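Reviewing the structure listed below.
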Amino acid sequence: MKYNIPADVDKNRVSQYKKNLKEATNGTNHLMLFAGDQKVEHLNNDFYGKDIPLEDNSPEHMFKIASSAKIGVFATQFGLISRYGRDYKNVPYLVKLNSKTNLIPYDKQDPYSQSWISVGDVVNFAKESGLDIKGVGYTLYLGGEHEHSMLSEAAKIVHEAHKNGLLAVLWIYPKGKFVKDEHDGHLIAGAAGVGAALGADFVKLKVPYDKEGKFDSKLLREATMAAGRTGMLCEGGAKIDEKVFLTELYAQIHKGGSRGNGTGRNIHQRPLKEAVKMANAIYAITSENATVKEALKLLK
Amino acid sequence: MKYNIPADVDKNRVSQYKKNLKEATNGTNHLMLFAGDQKVEHLNNDFYGKDIPLEDNSPEHMFKIASSAKIGVFATQFGLISRYGRDYKNVPYLVKLNSKTNLIPYDKQDPYSQSWISVGDVVNFAKESGLDIKGVGYTLYLGGEHEHSMLSEAAKIVHEAHKNGLLAVLWIYPKGKFVKDEHDGHLIAGAAGVGAALGADFVKLKVPYDKEGKFDSKLLREATMAAGRTGMLCEGGAKIDEKVFLTELYAQIHKGGSRGNGTGRNIHQRPLKEAVKMANAIYAITSENATVKEALKLLK
Amino acid sequence: MKYNIPADVDKNRVSQYKKNLKEATNGTNHLMLFAGDQKVEHLNNDFYGKDIPLEDNSPEHMFKIASSAKIGVFATQFGLISRYGRDYKNVPYLVKLNSKTNLIPYDKQDPYSQSWISVGDVVNFAKESGLDIKGVGYTLYLGGEHEHSMLSEAAKIVHEAHKNGLLAVLWIYPKGKFVKDEHDGHLIAGAAGVGAALGADFVKLKVPYDKEGKFDSKLLREATMAAGRTGMLCEGGAKIDEKVFLTELYAQIHKGGSRGNGTGRNIHQRPLKEAVKMANAIYAITSENATVKEALKLLK
Amino acid sequence: MKYNIPADVDKNRVSQYKKNLKEATNGTNHLMLFAGDQKVEHLNNDFYGKDIPLEDNSPEHMFKIASSAKIGVFATQFGLISRYGRDYKNVPYLVKLNSKTNLIPYDKQDPYSQSWISVGDVVNFAKESGLDIKGVGYTLYLGGEHEHSMLSEAAKIVHEAHKNGLLAVLWIYPKGKFVKDEHDGHLIAGAAGVGAALGADFVKLKVPYDKEGKFDSKLLREATMAAGRTGMLCEGGAKIDEKVFLTELYAQIHKGGSRGNGTGRNIHQRPLKEAVKMANAIYAITSENATVKEALKLLK
Amino acid sequence: MKYNIPADVDKNRVSQYKKNLKEATNGTNHLMLFAGDQKVEHLNNDFYGKDIPLEDNSPEHMFKIASSAKIGVFATQFGLISRYGRDYKNVPYLVKLNSKTNLIPYDKQDPYSQSWISVGDVVNFAKESGLDIKGVGYTLYLGGEHEHSMLSEAAKIVHEAHKNGLLAVLWIYPKGKFVKDEHDGHLIAGAAGVGAALGADFVKLKVPYDKEGKFDSKLLREATMAAGRTGMLCEGGAKIDEKVFLTELYAQIHKGGSRGNGTGRNIHQRPLKEAVKMANAIYAITSENATVKEALKLLK
């Protein structure tokens, strides 16, 4: 497979970048991202409550899944990686550089989230700790009073990551009082284009809905094309039925042109064994070119 | 005892980090933190008034207690340490890096508190002065317009502390108009998870109350589990009856899973001798595995 | 042709600056700037929809045009250049350093756009990648609460560009509630003077309209004279009829004294072949001293 | 006399710090601070008008006083010191690092004042110019939206000053809509504690009043005790009768426990000769242990 | 003539500072400043319109005047100097470091203007280009929410200028809703004192008016005395009759104690030849000790 190496990857880091991309995507250029940044983004809502197994309340649950399942990368905050990484050395990590809580509704205050540590810190940490850190992630919100800061920080992060041979994944969400419908396909295509202009390797976006609020893979094509060489990852969202999830995932990739997914709750809100199977099924479709049928078999 | 050494502790600082953790917790991994940052946080309210002995009005009172009693660490501002430290060299210090006053009600302006000096300043100071500085502390408020700045600063402080072999303790309080109940157990568990994501060694939190406003150690378990490898410290709060205090403290640790406490007023708002005894009793339960009965004996 | 070399161009970079200016303007001092920063500025509105060919939805469309047509410079964001640059090495690039989305109406929030990466980053990138980067671009909005930041950043960018032998192009737009008419000739002349005071090589401005809302090349002369040695580029705007466009362009230069144009939609909202022809026609008038008639022939 | 040397004074600067403290307090640890920063703080109100001698309108008036009288330190802005210092080399200076004007009422906008130059600038200046600079000063306002910035800047300034062997004096004023009574003794004690937590050598505060608005030295004791090893300086305020002033000053020190005063208008709003005498009288009580009677003789 | 050399001028730059001051003031310590920063401050209003000769619309007009007339310094933005400086090498320049537009009324938004480039940039530029740069200028507005930033930036600029042997001129204007009358003499004296506290060499201020709105040189004395060793320059204002202008200028200096003027429109809003004569007349009174009569002769 031929990879698109961004021109801002340092010459001495091209092979490392290639290795990171190849390993994270199983050589398919499609990324299964196990999203584990919700302990800040959603506080404890995703980890404790009705229909959530008690073990999910411990941060270690996600590390166990990430360590036992096939995944592309496990995206979580630096602090958790520094606390658990030594015991889960086989996990491919993506350091989520920023996060915010959900305490303030989006319509009450324009969301803002700054990077917690720098790409340079991550690079040093990877070298010192020997952990397998494949990239960094950053969330930016378009449409609010802090857009300028987040666009600027995102661009620098992507560039720094590339210079150091790391992958850069952006979470991009238009938000605020001037955004009528977050699932509008044209708007999502706009966000995809912003990710491309920022030079991201992958951009995690909402999934477009039709007028009835249903996913339609055709609507997705505007965004995946607008993203150009930046791969679009579809957001996993709240936990739903496995078959529905996997069928939609298959359509996103094979009909909609997405290049992967970012899934959290649909994986970790299960007992460890089930969670590992679900992760493997998602990985099979995303990065092993499996059919839905083949993937469903993995759940058995 | 086996300690969890964060992977971001510099290789050359691992033994120092271990020593700090071991000494601060008496080898139990449970921390008794003597909280002495209220001269800014509460101005003079905690130190002068009805039922407070006059000697508490002098900052030196706390240093005398910290020097004579068994404690894990004495947490206070850098300026006080620089003024009194030479005369109280046996005290294990934790430099509280930020503080704000209580002049503005939380519902009138989102609280914001920046670090006063850097971790690097503290490291240099410890080396120059020879004082026994075991770590740094930082308060962050979730849910306001400054959340992004404080999350970012907290993450950097934890990382810098670890790189230098120091402990990092975070005080985390959800505040502001979108926080209905600061003593809600699910919310506190969310804050605990934020502390874990930030990589803190310990996180000082409010104590969860049930619907009648009473402490229930079972409610605490959601938070202590969500905190993962980050130890939760229960806030000491306003001065109450000794027996009630110690009984609750025991329950927090042994039933609720907390890994210590941060206590100020319940210690220093007493004449020196009594304050030292109370500190010793708290320490006994927290870091010497004493029963309530054993601890109460120390008050005699 | 004698060029005006700004006195802040580093002595060792004078020949590079001259080369950049000469090549970008085909030795005419008139610049045809192919504007391709709309993926952020207008999200996906300019690239997908009724009357827009589907191929325009891919960012690569613009690179194909820029590579096949005669242009002065292709102005787009760094991330896109880093993604496509290796495959389009013959393109003369101008890195647009900042961009904002159109989600918030100008009258609801004063527009603000910060540079994404520094001029130094661009200089290093050009050296490392071997791409032909001729300059940098920056948009600033006058009249809002962020004017001071953008003026300051613009001035530094122009100076840094010059020190490094690069061209500096500013997009200057008065905006906000105190701007009654963005097409007022006197106001545009003021913006031109700001560009001159900032030392820009070229300044891209709105085109002045008369009271009937029509372009009048005489009105343009106030601005082009006020710009002094800074060349004024006329904004291309929404796609219109080719002949009308080219006739107006000719008048802007030959009657109005403009020194070029910045055109995006009138080029890229066409199938590749047509787009290339249109770009060539614009280039012919701007930088090859062609008549409208000669230019129109190129569209055949 | 044994001095309290803060532990953050650099080892190589301890003797310099001691010398500065000793000379500034005449070996008494009590500081007479001649306050001359009002040209910014009060614009020209304190220097020109009814009952003010014309000579006070020239900045040089204060330098003449400072040079001819006995004083602890003369606190004024860097710019004035750089303009007049060469001609008044015998004056012990304290560089007031920040200042704001009085144009905006405190209840209309939370006050904010940043340092103008750094402690490092002052240190270099002292070395280069040979002037006798004994310390630096900084004003901070508690209770407003900028409290966090000023607390942080103040802490850094105190620490930098100490590292360089300089004294650090803080002016601390609770202000804003949540401060009901600036002369409330408990509030002033709170501000004193903040000064102590910041590690200041001296803290200049308002004087507490009783319910009738009169000074009562007993009320002062809460604050001077809360200040700990940080010396409290009482604000001089508007010009009043000499005998009343000196009697109150004596009571502040000998009954209230203050360690000096910061006096401006009561000195400089007099013809030179009288001003010098008044300064000498204040100095006698503050730093020469004189009685009121002895001090009054100096006014003859 | 003996000059007051600020103590913060670097030892190795004293002779350069002296040379700059001497040449700029023709050895009189009185400065004729030709103000040419209005292309930003007033956009194109001062350069194009009824009663303004067309040639004034080109920025080069001011350079021609500055080059042909006797002036102290020509104050304009860096960008214009970098564009025209090579062709007007005999001009003594003062780089105006900041500027803002007039698009927003002062009562709608507190004015704010940041420096565009640093003093260090100017110093390097002067060395590289060989241009005769005698100093830097900066405008600050007192009384608004940005006062703290501008005071701080102004102080640093003055200090940096002095360290490098350059003159520092401040434009100081109290503005905003709490400023009732910008021409009040007492207020202007306050601004003069702020300039002195900032250590400026010269401070450009509004001219005080009496109750009838007329200039009265006696009112000026409060300000010129309050400015101390900082020379007060009177603002030139809108174009008026030559004789009236020169008579008032003479009175400002000889009766009011001002040390010069900052004049723009009264010079450049004339055809080149007349403009040069007017500049020479102003220079004669300011820096050649001419009478009004002598100066008027120069206009013939």
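The values are calculated or read from the model by the stated rules, or taken from the named source; none is laboratory data. Just so we're clear, the structure is a prediction, and the values are computed from it rather than from any experiment. As a convention, Cβ positions derive from the backbone with ideal geometry for all residues, glycine included, and neighbour counts pool all protein chains shown.
Computed quantities for the displayed model
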| read-out | value |
| --- | --- |
| Residue count, the stretch A:256-281 (criterion: part of a helix (DSSP H, G or I), within 18 Å of A:N45 (Cα to Cα) and touching a Lys or Arg at 6+ places or on another chain (Cβ under 8 Å)) | 2 |
| First in the stretch B:228-244 and within 14 Å of another protein chain (Cβ to nearest Cβ), second anywhere and acidic (D, E), Cβ under 9 Å, 6 or more apart | B:G228/A:E60; B:R229/A:E60; B:R229/B:D201; B:T230/B:D201; B:G231/B:D201 |
| Selection from the stretch B:76-100 of residues that are buried (at least 22 other Cβ atoms within 10 Å of the Cβ), closer than 25 Å to B:L140 by Cβ, of a type outside the set (V, I, T) and within 12 Å of chain D (Cβ to nearest Cβ) | B:Q77, B:F78, B:G79, B:L80, B:S82, B:Y93, B:K96, B:L97, B:N98, B:S99 |
| Condition check for C:K204: in contact (Cβ under 8 Å) with a residue 12 or more places away in the chain, out of contact with any helix residue (DSSP H, G or I) (no Cβ under 7 Å at 6 or more places or on another chain), within 29 Å of C:G165 (Cβ to Cβ) and among the charged types (D, E, K, R) | yes |
| Test set (1) out of contact with any strand residue (DSSP E or B) (no Cβ under 6 Å at 6 or more places or on another chain); (2) within 10 Å of chain A (Cβ to nearest Cβ); (3) in contact (Cβ under 8 Å) with a residue 40 or more places away in the chain; (4) not basic (K, R) - B:V158 fails condition number | (1) |
| Criterion (under 19 Å from the mean Cα position of the chain (by Cα) and over 14 Å from B:S287 (Cβ atoms)) met by exactly one of B:K19, B:K70, B:K2 | B:K19 |
| Among the residues listed as B:L31, B:L103, the single one being of a type in the set (A, V, I, L, M, F, W, C) and buried (at least 24 other Cβ atoms within 10 Å of the Cβ) | B:L31 |
| Cβ-Cβ under 8 Å pairs, at least 6 apart or on other chains, the stretch E:187-201 side within 7 Å of chain D (Cβ to nearest Cβ) and β-branched (V, I, T), far side crowded, with 24+ Cβ neighbours inside 10 Å and in a helix (DSSP H, G or I) | E:V194/D:K39; E:V194/D:V40; E:V194/E:L151 |
| Qualifying residue in the stretch E:16-33 (condition: within 28 Å of E:S258 (Cα to Cα) and facing another protein chain (nearest Cβ under 7 Å)) | no |
| Residue list for the stretch B:167-186, restricted to those being more than 8 Å from every other protein chain (Cβ to nearest Cβ) and in a loop (DSSP other than H, G, I, E, B) | B:K175, B:K177, B:K180, B:D181, B:E182, B:H183, B:D184 |
| Scope the stretch D:158-196; condition surrounded by 24 or more Cβ atoms within 10 Å (Cβ to Cβ) and closer than 26 Å to B:E147 by Cα; matching residues | D:P174, D:V194 |
| Filter result for E:G213 (out of contact with any helix residue (DSSP H, G or I) (no Cβ under 7 Å at 6 or more places or on another chain), over 22 Å from D:E60 (Cα atoms) and modelled with pLDDT of 95 or more) | no |
| Condition met for C:E160 (part of a helix (DSSP H, G or I), of a type in the set (D, E, K, R) and touching a helix residue (DSSP H, G or I) at 6+ places or on another chain (Cβ under 7 Å)) | yes |
| Subset of the stretch A:34-55 (residues that are in a helix (DSSP H, G or I) and either facing chain B (nearest Cβ under 8 Å) or within 16 Å of B:A227 (Cβ to Cβ) (or both)) | A:Q38, A:K39, A:V40, A:L54, A:E55 |
| Those residues of the stretch D:200-255 which are surrounded by 24 or more Cβ atoms within 10 Å (Cβ to Cβ), over 15 Å from the mean Cα position of the chain (by Cα) and not in a helix (DSSP H, G or I), in sequence order | D:P208, D:A227, D:G228 |
| Residues located in the stretch B:257-275, provided they are in contact with a helix residue (DSSP H, G or I) (Cβ under 8 Å, 6 or more places away or on another chain) and within 13 Å of B:A238 (Cα to Cα) | B:T263, B:G264, B:R265, B:N266, B:I267, B:H268, B:Q269, B:R270 |
| Yes/no for C:Y3 being modelled with pLDDT under 95 and hydroxyl-bearing (S, T, Y) | yes |
| Candidate set from the stretch B:1-28 (those that are in contact with a strand residue (DSSP E or B) (Cβ under 7 Å, 6 or more places away or on another chain) and among the polar types (S, T, N, Q)); member that is farthest from B:E288 (Cα to Cα) | B:N20 |
| Qualifying positions in the stretch E:2-28 - aliphatic (A, V, I, L, M) and surrounded by fewer than 16 Cβ atoms within 10 Å (Cβ to Cβ) | E:V14 |
| Failed item, numbered, when E:G79 is tested on (1) closer than 19 Å to C:G199 by Cα; (2) not in a helix (DSSP H, G or I) | (2) |
| Filtered residues of the stretch C:1-10 (kept if at the interface with chain E (Cβ under 7 Å from one of its Cβ atoms) and without any contact (Cβ under 8 Å) to a residue 60 or more places away in the chain) | C:A7 |
| Members of the stretch D:128-145 that are more than 8 Å from chain B (Cβ to nearest Cβ), surrounded by fewer than 20 Cβ atoms within 10 Å (Cβ to Cβ) and free of Cβ contacts under 8 Å to residues at least 40 places away in the same chain | D:E128 |
